[in-house]
1. Thr50: net charge of surrounding residues, Cβ under 11 Å, Lys/Arg +1, Asp/Glu -1, itself excluded?
2. Give me the number: length gained by fully extending Thr134 to Thr36, i.e. 0.36 nm times residue separation minus the C-alpha to C-alpha distance, one decimal in nm.
3. Quickly work out the Ala150-to-Thr109 label distance, labels modelled 7 Å from Cα along the C-beta direction, and quote it in nm with one decimal.
4. So, in nm, how far is label Ser142 from label Asp164 when the simple model puts each one 7 Å beyond its Cα toward the Cβ?
5. Å³ per residue of the Cα convex hull, for the range 99-181?
6. So what's Rg/Rh here for the range 21-109, counting alpha carbon atoms and using the Kirkwood radius for Rh?
7. Taking +1 at the Cβ of each Lys and Arg and -1 at the Cβ of each Asp and Glu, which of Ser156, Gln66, Trp125 sits farthest along the dipole of the chain towards its positive end, judged by Cα position relative to the Cα centre?
8. Dividing the convex hull volume of the alpha carbon atoms of the range 135-176 by its residue count, what do you get in Å³ per residue?
Amino acid sequence: MRSLLLVPLLLLAGCREASVTTRAPTGEELAGVLGTVSTLELTPPRGARTYALSQGIQGPLEEATQDGRLPVTVGLLQDGCTGTQRRLVVRAGGTSSSSCLDLPSAYGTTASLPPAEQALPLNRWVPVYAVQPTVPGRTEGSRVTDDDPAHWTLISVYFSTETDPEALNPPASSAALDWLR
């Protein structure tokens, strides 16, 4: 009789779900471990032959564009820096740049500089992404985004008619602040 009772229990035990399974992580889960990553697709203005990014990346557009657009990937990563710093990584045209930013535990990012429907100009620095620190708010313990662009870290682009990237000599990238004023 006991053996008859054991058979259903053994069958049920074999039907249990595995206690450990694997699945692809969600974007939110990846961001919690890796950081925030965005890819911008910039449409160069007519006549542009070279580009420069404010993080020291530059090159010929012909080699860097995909489907007529310059992909620029920006990441604020959790690793590679100390304390409250985040690693800012910018990649375009097969080249990347990295630096550490001192950021509070809360910060914001914006990729709507300039608005998508606005054409990018030639021979002018234009901010396309911003890391915005937060500052104490009006109520105790609250934080708000610092609305002074001079305190932001900007990723800006400069499209040029210059054919040789080595001869490209744009003004200081801080000129991108003029766009925001």
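None of the figures in this text is laboratory data; all of them are computed from the coordinates on show. Given the structure is predicted, the values throughout are model-derived calculations rather than measurements. Backbone-built Cβ (ideal geometry, glycine too); neighbour counts: all protein chains shown.
1. Around Thr50, the charge tally is -4.
2. Once the chain is fully extended between Thr134 and Thr36, it gains 33.7 nm.
3. Taking the two extended label points, one gets 2.7 nm.
4. It works out to 5.7 nm between the two label points.
5. Considering the Cα atoms of the range 99-181, their hull volume per residue is 109 Å³.
6. Computed over Cα atoms, the ratio is 1.06.
7. The residue sitting most towards the positive pole is Gln66.
8. Convex hull of Cα atoms, per residue: 73 Å³.
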